[in-house]
Amino acid sequence: MSTRSKSATGSVGGGSGGGSTAGAGGSTVPLAVLLRREVVSERTAAERPELQHGLFSQAKKGEDFTFLKPECERHPGVPSSSFSAFGLFDGHNGSGAAIYTKENLLNNILSALPADLNREDWLAALPRAMVAAFVKTDKDFQTKARSSGTTVTFVIIDGLFVTVASVGDSRCVLEAEGSIYHLSADHRFDASKEEVDRVIEAGGDVGKLNVVGGAEIGPLRCWPGGLCLSRSIGDQDVGQFIVPVPLVKQVKLSTAGGRLIIASDGVWDALTAEVALNCSRGLPPEAAAEKIVKEAVHSKGLRDDTTCIVVDLVPEKGNLAMAPPKRQPGMGVFKNMFRKKTCSDSSSHSDREYMDPDIVEEIFEDECAFLSRRLDSEYPVRNMFKLFICAICQVELKPNQGISVHEDSSQPGNLRRWDGPFLCQSCQEKKEAMEGKRRSRDSSSRNSGSSE
Ligand SMILES: [Zn+2]
C-alpha cells in the first residue's frame, strides 16, 4: 500500500465553503464574480508558503557557483506577484560558463515570457521560456569563449509551484508528503542510452577511455574532449551536440509544503537522496546544507567542489489550512509519479483541473532534446507569443525573415514550414548545429560526390 491512499487530512479544497461576505460595498458587480474572486484570493493566501533557504559549500577547484534570489516579482512593484529563484552551476574546464550563466539566465528566462501574463498563464509558459533561455544563454556564451562548460539546475518557486530546469548532473530532490521526488535530470552518458544514441546520431563519438593494452576504464565519455555529460551550457569545443536543452519538471506541492535539496555531484557521488534528507532532518536550512556537505566530505573526502542549497517551503503559522498532515517522514519511499517520456510521446501537461490539496501534483515534464517540440508545446498560452519574434533570442523578425522551427522536420507529413513559432537565421543555425543536420548534410553530399 502506498502512503498516498490515505487522504483524509487537508482542509483547503471544498469549493465555495466558508463565510462569504460578498455583497459588501453595494457595488453592481455580479454576485457570481465576487464569489469567484473570494475563492481565488482565499486559495492564493493558503498557497503562499513561507520560504527559508540555506547554502553551504566547500571548494576544491572553485568552479561551483550559486544564485539565490528569494524575492523576485513578475510584475515589478506588485508584491502578490512574487516568486523565488535558486540556481546551482557546477563548472568544468574553467569557470567562465558557470559565471556567465549565473549572471544571465534569469534575465533570459524573464525576457522569453510575454509581459502581462496572469499567474496561471505565466506558470504555464515558464517551461518553454526556460528552454529558450537555456539555448540563448549557451548561444550567447559561444561568442565569449569556446572552452568551459557548466551544469545548470535552476529552480523557480511561485507559491506551491516548483519548476526545475536542468542540464548536467547536479541534482534537485524534493521531500514532501513523506516521499522523495527527483526533479532534475542525470545527463551523464552512463545514465541514458537515449542520450548516447542522440549524440552519436548528431556526429559525436561516445566510448570509454582506452588505456594501453586495450582495456576500457571509467564512465562513458564523448570524444574528443572526454566529457561525461550529454547536456550542458558551454562546451563549445566538445561539439554542439552537447546541447543546452533542459529537462523541465513542474510540480505543485500540497499545502503541507516540503524540503528541496539542490546540490552538485560532490554531494551526490557520496550520498543518496535518502541519506542527505535523513542526516539533515529537523535542522533549519542553513544548518541542513552544512550538515549535508560535511557528511559528503566526511564519507568520500573533498575530491570535488561540494555545494548544497536547502530550501524549505513552510506552511504559514496560524493558517489552519496549512497545517501539516500527520505522516511519517520519508523513509526511502520513492514516488514514481513521472512516467519516463520520450520525444515520441505527445502531451506532457497533466489535467490542470485536477485539484487534490493532499498530494504532490505533476503539472509538466519534458526532456526531449529537439527544439521543434520544446518550443511548440501545446500549453494554453501558445497564442500569446508574438509570431514575429525569434522564439529563442527574442529578436524582432521582419516578415519573411522567420524560419519555422518545423523547417527541415524529419517527420513526413508533419512539414509545417508556414507555422510558427519562428527562429531568426542565427538561431536556426544554432538549432541545426545542435541536431547535427548541417554535418550530416555535408557528409552525405561529400559521400555522393566521392562515389562518382
Ligand atoms: Zn534568434
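We did not get these values from a lab; they are worked out from the coordinates using the rules stated. What you see is a predicted model, and the numbers here were worked out from it, not measured in a lab. All Cβ positions, even for glycine, are placed from backbone atoms using ideal geometry, and neighbour counts span all protein chains on display.
Per the Debye calculation on the stretch 96-173 with a single equal scatterer at every Cα and no solvent contribution, log₁₀ I(q)/I(0) for q = 0.20, 0.28 Å⁻¹ amounts to -0.89, -1.42. Which shape class, rounded, prolate or oblate, goes with the stretch 264-315 when its Cα gyration tensor gives a ≥ b ≥ c as root eigenvalues, a/c under 1.5 marks rounded, and past that a/b bigger than b/c marks prolate? Since a/c reaches 1.5 and a/b is larger than b/c, the shape of the stretch 264-315 is classed as prolate.
For the stretch 79-113 and the stretch 268-283, write down the distance between their C-alpha centroids in whole Å. So the separation of the two Cα centres works out to 25 Å.
Amide H to amide H, with H built 1.01 Å from N, ASP169 comes under 5 Å of HIS187, counting only residues 5 or more places away or on other chains.
Hey, rough spin-label estimate for ASN278 and GLU50, points 7 angstrom out along Cα→Cβ, what's it come to in nanometres? Computed distance between label sites ASN278 and GLU50 equals 3.0 nm. Each Lys or Arg adds one and each Asp or Glu takes one away; over the other residues whose Cβ falls under 9 Å from the Cβ of LYS252, this sums to -3.
Sorted on the mean count of surrounding Cβ atoms within 10 Å across their residues, most packed first, peptides 90-97, 49-56 read 90-97, 49-56.
Using the Cα gyration tensor of the stretch 206-284, with a ≥ b ≥ c the square roots of its eigenvalues, what is the shape: rounded (a/c below 1.5), prolate (a/b larger than b/c) or oblate (neither)? Verdict is oblate for the stretch 206-284.
In order along the stretch 179-189, the Karplus-derived 3J(HN,Hα) couplings, from 6.51 cos²θ - 1.76 cosθ + 1.60 at θ = phi - 60°, round to 10, 10, 10, 8, 9, 10, 8, 10, 8, 9, 4 Hz, and Gly and Pro are given as x. Phi-derived couplings, Karplus 6.51 cos²θ - 1.76 cosθ + 1.60 at θ = phi - 60°, listed residue by residue for the stretch 203-213: x, x, 10, 10, x, 8, 5, 9, 9, 4, x Hz, with x used for Gly and Pro. Computed 3J(HN,Hα) for the stretch 103-114, one whole-Hz value per residue from the Karplus formula 6.51 cos²θ - 1.76 cosθ + 1.60 where θ = phi - 60°, is 7, 10, 5, 4, 4, 5, 5, 5, 6, 8, 9, x, glycine and proline marked x. Between ASN118 and ASP190, the FRET efficiency from the beta-carbon distance, with R0 = 45 Å, is close to 0.60.
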